[in-house]
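Participant: Have a look at this one.
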Amino acid sequence: MLITFVVSLSNHERNQFVQGFLHKRYLVPAGEEMKTRITWKGNVSFLAESGSGHSVLMDGAPEAGGQNLGPRPMEMLLMGLGGCTTFDVVQILKKSRQDISDCVVEIEAERATVDPKIFTHIHLHFIITGNNLNPQQVERAISLSSEKYCSASIMLKSTVKITHDFEIIN
């Protein structure tokens, strides 16, 4: 027997329901709320202010009317991904008692040629420096970040192919 309920919900009520469903569906507890504020500064420049009190000026490409005063918004997305995953990899390697002295991730991305110009492929190349680093531990740290800890990577990989590799410098 199939029972159908027709319920009229406001946008706020619908959002609360969906959020509750998703948290139950994926067993993700409700977390802290994050906020940011973006202010138009003229032409195609925008000041992004984070809830933690930091700010970044973003600007469009000169061919779009920008003055090259800051990174493009899509570059910021890649930088956020890089910061998120590098944070995880460093923490995991430290907890694994690896003698890490540096971690760099170089990111290359391909975008669609027509609007919306979404990313179609993102490749992360990790350069890990340290003493007697175990390649299996490095690979494990990158995989854990990619599959379990890095929120940015996990959100993006549902819409874009993300690959990674690494090199170790002793």
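Participant: Sort Lys157, Lys95 by Cβ crowding within 10 Å, fewest neighbours at the top.
Facilitator: The order, fewest Cβ neighbours first, is Lys95, Lys157.
Participant: Here is a further query. Can you tell me the length gained on complete extension of the stretch Ile169 to Lys117, counting 0.36 nm per residue apart and subtracting the Cα distance?
Facilitator: Length difference between fully extended and current span is 15.2 nm.
Participant: In whole angstrom, how far apart do the alpha carbon centroids of the range 41-79 and the range 124-170 sit?
Facilitator: Answer, in whole Å: 27.
Participant: Going by a ≥ b ≥ c, the root eigenvalues of the Cα gyration tensor, does the range 48-111 fall in the rounded group (a/c under 1.5), the prolate group (a/b larger than b/c) or the oblate group?
Facilitator: Verdict is prolate for the range 48-111.
Quick note: the coordinates plus some simple rules give every number you see, no bench work behind them. What you see is a predicted model, and the numbers here were worked out from it, not measured in a lab. Note that each Cβ is placed from the backbone with ideal geometry, even for glycine, and that neighbours are counted across all protein chains shown.
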